[in-house]
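A.B. asks: Provided herewith is a single structure, encoded as structure tokens, for subsequent inquiry.
The values are calculated or read from the model by the stated rules, or taken from the named source; none is laboratory data. Nothing here was measured: the structure is a model prediction, and the numbers come from that model. Here Cβ is always computed from backbone atoms with ideal geometry, including for glycine, and neighbour counts include all displayed protein chains.
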Amino acid sequence: MDDPIVIENLTKDFNGFKAVDSLNLKVERKSFVGFLGPNGAGKTTTIKILTHLLSASGGQAYLNGVDVTKDPKNALAGVGAVVETPEFYPYLTPIETLQYLGSLRGMSNEYIQRRTKEVLETVKMTEWSKTRIGKFSKGMKQRLAIAQAMIHEPHVLILDEPTSGLDPRGMVEVRNILQDLRKGDYTIFMSSHLLTEVQEICESVALIDRGKLLAHGSVATLVEGTGSKDIDVRILQPVDSYVIDRISNFEGVERIVPGDPRHFTITFKGREEDQARLLSEMQTLGLKIVSFKEIGVALESLYMSLIKDSR
Ligand SMILES: Nc1ncnc2c1ncn2[C@@H]1O[C@H](COP(=O)(O)OP(=O)(O)O)[C@@H](O)[C@H]1O
Ligand SMILES: [Mg+2]
């Protein structure tokens, strides 16, 4: 079976400026891929070509094996997309909006009713289903946008920065909905300029800058590729420079950055056994360790160095 999303040598030229530059990417069925890159990297342009809102200057894009340029209707039949937050009619309710959008798609009334109920549950908006959209927050409108994109039961979702412009609570709500979808038969391709967001909710990353793919793989593999990780340590009592010095000489410790007196970060490279030994060695120094936690900064340094190298 074809991969749900296949991009081959995709290029978009805006008057000689390549916003997308010979991009190749495959998204496997049931994966949740974060399309990560800084502002201006070419994410929206790529997604607009995928969803037939823009035409490519070169290369191909296939959705479920169908060429988007040659047969957009069939290519997009099994795809739900949120590219720009749609403007909803403020005086309509979510039920009325979804009914209207379903009928535009030629869905039967019965089918629309069943799907309206289902998608409103998916985006946790059942209790707002009869409230006028004019009263909604940005986050609620974005959730409705996701519901609308799913009305025709697609198994592939393409989302351009779905949490962008939302307040922190709205961001969390949208992320939770996307994470819930992972339990079902969905392939999700979501762009973001936020590394932490991609690390938190996606299982793999396609990193793009200046229209080019810089790295693609599971979050775990990319982090492994950097060889080192950051471990955040909190202790009960303040530490002095002697203790910091001792820790910095333990095997595998590349660097130690003190935060406040009861808190520091260790950049560590080594196997899990070595990491376990580091923890027990710190305890033999008499430290009462409150928390010893890997944090995602290693991917951040990879991200920064890849982006720097591409410039
Ligand atoms: N219609 C357009 N005309 C000219 N340049 C454009 C157009 N749309 C986007 N660009 C440029 O293409 C680059 C990529 O933009 P975009 O795909 O929106 O990036 P991202 O979504 O990753 O922030 C940017 O430098 C942007 O200025
Ligand atoms: Mg964009």
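A.B. asks: Going residue by residue through the range 143-156, is there one that turns out to be without any contact (Cβ under 8 Å) to a residue 40 or more places away in the chain, surrounded by fewer than 15 Cβ atoms within 10 Å (Cβ to Cβ) and among the basic types (Lys, Arg)?
C.D. replies: Within the range 143-156, none of the residues are without any contact (Cβ under 8 Å) to a residue 40 or more places away in the chain, surrounded by fewer than 15 Cβ atoms within 10 Å (Cβ to Cβ) and among the basic types (Lys, Arg).
A.B. asks: Pick out, from the range 1-53, the strands (runs of 3 or more DSSP E) lying fully within it that include 2 or more residues that are within 15 Å of ligand 1 (Cβ to nearest atom) and over 20 Å from VAL83 (Cβ atoms).
C.D. replies: The qualifying strands (runs of 3 or more DSSP E) are 17-27.
A.B. asks: Still on this structure, I have one more. Consider the range 17-68. How many of its residues are under 21 Å from LEU207 (Cβ atoms) and in contact with a Pro (Cβ under 8 Å, 6 or more places away or on another chain)?
C.D. replies: Matching residues across the range 17-68 total 2.
A.B. asks: For the subset of the range 70-101 comprising residues that are aliphatic (A, V, I, L, M) and in contact with a Phe, Trp or Tyr (Cβ under 8 Å, 6 or more places away or on another chain), which member is surrounded by the most Cβ atoms within 10 Å (Cβ to Cβ)?
C.D. replies: Of everything passing the filter in the range 70-101, ALA75 is surrounded by the most Cβ atoms within 10 Å (Cβ to Cβ).
A.B. asks: Determine whether the range 9-20 contains at least one residue that is within 28 Å of LEU195 (Cβ to Cβ), surrounded by 14 or more Cβ atoms within 10 Å (Cβ to Cβ), among the polar types (S, T, N, Q) and within 16 Å of ligand 2 (Cβ to nearest atom).
C.D. replies: No, the conditions are met nowhere in the range 9-20.
A.B. asks: So which of ILE247, ILE188 ends up being farther than 30 Å from PRO162 by Cα and touching a strand residue (DSSP E or B) at 6+ places or on another chain (Cβ under 7 Å)? I'd like the intermediate steps shown before the answer.
C.D. replies: Numbers: ILE188 fails: farther than 30 Å from PRO162 by Cα.
Matching residue, one of ILE247, ILE188: ILE247.
A.B. asks: Determine which member of the set LEU144, LEU157 is more than 16 Å from ligand 1 (Cβ to nearest atom), under 20 Å from GLU28 (Cβ atoms), of a type in the set (A, V, I, L, M) and out of contact with any Lys or Arg (no Cβ under 8 Å at 6 or more places or on another chain).
C.D. replies: Unique residue meeting the criteria: LEU157.
A.B. asks: A follow-up question, please. Restricting the first residue to the range 199-222 and requiring it to be of a type in the set (Ser, Thr, Tyr), which pairs with a second residue that is surrounded by 20 or more Cβ atoms within 10 Å (Cβ to Cβ) meet a Cβ separation below 6 Å and a spacing of at least six or different chains?
C.D. replies: Final answer for the pair search is SER204/VAL33.
A.B. asks: Of all the residues that make up the range 235-277, how many are touching a residue at least 24 places away in the same chain (Cβ under 8 Å) and under 25 Å from LEU302 (Cα atoms)?
C.D. replies: 14
A.B. asks: Starting from the range 97-114, take each residue that is farther than 13 Å from ILE133 by Cβ and list its partners that are assigned to a loop (DSSP other than H, G, I, E, B), counting only C-beta distances under 6 angstrom and pairs at least six apart or across chains.
C.D. replies: Listed pairs, sorted by first residue: GLY102/ILE151; ARG105/HIS152.
A.B. asks: Do we find that ILE208 is more than 12 Å from the chain's Cα centre (by Cα), in a strand (DSSP E or B), aliphatic (A, V, I, L, M) and within 16 Å of ligand 2 (Cβ to nearest atom) in this structure?
C.D. replies: Yes, satisfied.
A.B. asks: Return the residue satisfying two criteria in turn: it lies in the range 181-209 and is polar (S, T, N, Q) and away from ligand 1 (no atom under 14 Å from the Cβ), and of such residues it is nearest to GLY80 (Cα to Cα).
C.D. replies: Within the range 181-209, the match that is nearest to GLY80 (Cα to Cα) is THR187.
A.B. asks: Now for a different question. Tell me, which residue of the range 141-167 that is acidic (Asp, Glu) and more than 13 Å from ligand 2 (Cβ to nearest atom) is nearest to ARG114 (Cα to Cα)?
C.D. replies: If we take residues in the range 141-167 being acidic (Asp, Glu) and more than 13 Å from ligand 2 (Cβ to nearest atom), then GLU153 is nearest to ARG114 (Cα to Cα).
A.B. asks: If you don't mind, there's one more thing I want to ask. If we keep just the residues of the range 54-69 that are within 16 Å of ligand 1 (Cβ to nearest atom) and assigned to a strand (DSSP E or B), which is surrounded by the fewest Cβ atoms within 10 Å (Cβ to Cβ)? Please lay out each step first, then the result.
C.D. replies: The initial filter retains those residues of the range 54-69 that are within 16 Å of ligand 1 (Cβ to nearest atom), namely 54-59, 61.
Those left that are additionally assigned to a strand (DSSP E or B): 58-59, 61.
Numbers: GLY58: 14, GLY59: 18, ALA61: 22.
Among residues in the range 54-69 that are within 16 Å of ligand 1 (Cβ to nearest atom) and assigned to a strand (DSSP E or B), the one surrounded by the fewest Cβ atoms within 10 Å (Cβ to Cβ) is GLY58.
A.B. asks: Are any residues in the range 157-180 surrounded by 16 or more Cβ atoms within 10 Å (Cβ to Cβ), of a type outside the set (Gly, Ala, Ser) and without any contact (Cβ under 8 Å) to a residue 40 or more places away in the chain, and if so, which ones?
C.D. replies: THR163, LEU166, MET171, VAL174, ARG175
A.B. asks: Still on this model: Please give the helices (runs of 4 or more DSSP H) falling wholly within the range 214-305 in which 1 or more residues are surrounded by fewer than 17 Cβ atoms within 10 Å (Cβ to Cβ) and modelled with pLDDT of 85 or more. If you could, list the steps in order and put the result at the bottom.
C.D. replies: On the way: elements: 219-226, 241-248, 272-284.
By residue number, 241-248, 272-284.
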